[in-house]
Protein chains: 2
Amino acid sequence: MQDSHISLAHGNGGRYMRELINELFAKHLNNKQLDTSLDAVTLPWPHELLVFTTDGFSVQPLEFAGGSIGSLAVHGTTNDLAVAGATPLYLSLNAFIEEGLSIEVLERIIIDLAEAAQKIGVAVVAGDTKVVPRGQGGGLYLATTGLGVKTRALSLGFDQIQAGDQLLVSGSVGDHGICVLLAREQFGLQGDLASDCASVLPLTQALGSLRGLRFMRDPTRGGLATVCHEISHATRLGIRLQQSAIPIKPPVQAVCDMLGYDPLYLACEGRVVAVVAADVAEQALALWQALPHGDAAAIIGEVVCGSCVVLQTELGGERILEELEDEPLPRIC
Amino acid sequence: MQDSHISLAHGNGGRYMRELINELFAKHLNNKQLDTSLDAVTLPWPHELLVFTTDGFSVQPLEFAGGSIGSLAVHGTTNDLAVAGATPLYLSLNAFIEEGLSIEVLERIIIDLAEAAQKIGVAVVAGDTKVVPRGQGGGLYLATTGLGVKTRALSLGFDQIQAGDQLLVSGSVGDHGICVLLAREQFGLQGDLASDCASVLPLTQALGSLRGLRFMRDPTRGGLATVCHEISHATRLGIRLQQSAIPIKPPVQAVCDMLGYDPLYLACEGRVVAVVAADVAEQALALWQALPHGDAAAIIGEVVCGSCVVLQTELGGERILEELEDEPLPRIC
């Protein structure tokens, strides 16, 4: 690593974070099951495929319109299992609680977490709490680890992606990022936008038996643009997105215009990006649009030969979407 | 809960922490697999018993004689699997990294973690990093979740414990607690004491096929006295410990005498407390004493009718060991 100290950019989902993970964590923890490019790892098990994933949460504020760090901790991890084609079964929960946190707030968060888990049908079966001294934590950090099962038939992955495949997104992008930003009130902005924080399991299950389904991922830190970069990196193919096709809610676009954010880099917490063979793209779209959380789903671009992530703008121009380097919004998830 | 805000006492392994866990977390996350009195939960699985556990780590300083938060994060979680009678297979790793942490220090910690994992034969197959802003973290917090397997034959648990059973400890108590305290240098004390931070897997495997093995636990936060309270709580039986039999290293006792700590409440990170039937106690002791980490093992007390944890002192008196309430050493594990 070139840097000598950790900066916030090491946490943003972009290039610095990739370097931190690959050049420190993955290098030393090297084993054949550890693949840092996956959302969830499939482990060998005698008679079933066991899928295993983990995620940490440090969102600030702890509660926001549409959810809290509690439901986020359930959705973030179970969504990683879902996009890997698995059905979530069990969760573990770690809580790092800062001295002085209001127990009333903590209880609301745990209830929000418990309700999210119950709705998905996943059980929190192991947990641990640590209390850290005042000033040594940001109120509450959570980490959840998920276990799920998947059938052997479903093979999804970067290696299935081919030039000509189509990209779909299940709904509008950037809602979670802007909603958390508004909840911080630091810009004096108000709005009735809610986070998209939700389980994507109905969305991933809807595509589960679709022949021609290549890959699914939930765009969280770094947003849609970062998922496109991850696909491009892993496949050595390019991505061409159609700006006019990408669903963005007007209030999200308005806040982005005011503050200079690009919604394509903002976190979602309840969306799926899917790559499918061109001949099943319309079928996949119809399957999603039939679901309550998929009514705004769209075909947004395609996989092409090349190595760039390019946005075809509404005016007919082209813009290269660079890999994320700076930190747009710390503590977003 | 009676309290309105989190205090450090909610993290100390004693009564307040038990209230926090039972009256907030367990109450809302209620499901039939969640048992907060266990180190690791055994989950139903088609053909093998899957054992699942999680632990968070916030030790300060991050490095100390005999280990670091890295090896601690491996041993803490795999030891919970080991005392549940399981063989650890896989780990997930969450890192909450504070902006400004030295990457050199982080790399040493990850190497320490990787070496500990390799030695035990457990693979870190999933991970996540979050970077939190300067002043919102204590340098580094880690959480690990472990997966292991166990054979159906081995049934261990509080419900196996009977009056008359003997208690064994695998080595000296309080080394980790005092070692971390010395590493903080806040008392100007120095010593060559190293933490007992280590895998207990050889110790638990040695007793694995012993008929009459009832229960095993690693005494971490809250120490030996807290394990005795957990046993007493769950079984509604008493524990009688023989002070003269409990192995305590002279430097640990000396620091405790100077600062007013009780070594029976200090954390270990590589010891096991086992409860065995009286007629196999000597055999269990011999099995442990034959191992490199078990040479100081001892039979330290017995399960009795009653409801107290009592220490029979070297002078022939008796002292009731109360349940831990205040925080002896924050950020010890």
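The values are calculated or read from the model by the stated rules, or taken from the named source; none is laboratory data. Since we're looking at a predicted model, the values are computed, not measured. Please note: Cβ atoms are built from the backbone with ideal geometry, for glycine as well, and neighbour counts cover all protein chains shown.
Inspect all residues belonging to the range A:157-177 and state whether any of them is within 14 Å of another protein chain (Cβ to nearest Cβ) and either in contact (Cβ under 8 Å) with a residue 12 or more places away in the chain or touching a strand residue (DSSP E or B) at 6+ places or on another chain (Cβ under 9 Å) (or both). Scanning the range A:157-177, I find no residue that is within 14 Å of another protein chain (Cβ to nearest Cβ) and either in contact (Cβ under 8 Å) with a residue 12 or more places away in the chain or touching a strand residue (DSSP E or B) at 6+ places or on another chain (Cβ under 9 Å) (or both), so the answer is no.
One residue is enough: does the range A:140-150 have a residue meeting the conditions under 24 Å from B:PHE57 (Cβ atoms) and in contact with a Lys or Arg (Cβ under 8 Å, 6 or more places away or on another chain)? Yes, the range A:140-150 has at least one match.
From the list B:GLY67, B:GLY148, which one is more than 7 Å from chain A (Cβ to nearest Cβ), within 25 Å of A:GLY76 (Cα to Cα) and surrounded by 20 or more Cβ atoms within 10 Å (Cβ to Cβ)?
On the way: B:GLY67 fails: within 25 Å of A:GLY76 (Cα to Cα).
Checking each option against the conditions leaves just B:GLY148.
Let me confirm something: among B:GLU302, B:GLU269, which residue is touching a His at 6+ places or on another chain (Cβ under 8 Å), outside any helix (DSSP H, G or I) and either acidic (Asp, Glu) or at pLDDT below 95 (or both)? Going through B:GLU302, B:GLU269 in turn, just one is touching a His at 6+ places or on another chain (Cβ under 8 Å), outside any helix (DSSP H, G or I) and either acidic (Asp, Glu) or at pLDDT below 95 (or both): B:GLU269.
Filter the range A:118-131 down to the residues that are more than 7 Å from chain B (Cβ to nearest Cβ) and hydrophobic (A, V, I, L, M, F, W, C), then identify the one that is surrounded by the fewest Cβ atoms within 10 Å (Cβ to Cβ). The selected residue is A:ILE120. Here A:ARG134 meets the list (1) more than 12 Å from every other protein chain (Cβ to nearest Cβ); (2) assigned to a loop (DSSP other than H, G, I, E, B) almost entirely, failing just condition (1).
Could you please let me know if B:ARG240 is in the same structural domain as B:LEU203 (by TED's automatic domain parsing), of a type outside the set (Asp, Glu), in a loop (DSSP other than H, G, I, E, B) and surrounded by 15 or more Cβ atoms within 10 Å (Cβ to Cβ)? Before you say what the answer is, go through the steps one by one.
Numbers: in the same structural domain as B:LEU203 (by TED's automatic domain parsing): yes; of a type outside the set (Asp, Glu): yes; in a loop (DSSP other than H, G, I, E, B): no; surrounded by 15 or more Cβ atoms within 10 Å (Cβ to Cβ): yes.
So B:ARG240 fails the test.
Condition check ((1) part of a loop (DSSP other than H, G, I, E, B); (2) within 22 Å of A:HIS75 (Cβ to Cβ)) across all residues:
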{"site": "A:ALA153", "(1), (2)": "yes, no"}
{"site": "A:SER199", "(1), (2)": "yes, yes"}
{"site": "A:LEU224", "(1), (2)": "no, yes"}
{"site": "A:HIS233", "(1), (2)": "no, no"}
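Scan the range B:84-105 for residues that are in contact with a helix residue (DSSP H, G or I) (Cβ under 6 Å, 6 or more places away or on another chain), under 23 Å from A:PRO330 (Cα atoms) and buried (at least 21 other Cβ atoms within 10 Å of the Cβ) and report the count.
First pass over the range B:84-105, keeping only residues in contact with a helix residue (DSSP H, G or I) (Cβ under 6 Å, 6 or more places away or on another chain): B:88, B:99.
With under 23 Å from A:PRO330 (Cα atoms) added as a condition, the list becomes B:99.
With buried (at least 21 other Cβ atoms within 10 Å of the Cβ) added as a condition, the list becomes none.
Selection size over the range B:84-105: 0.
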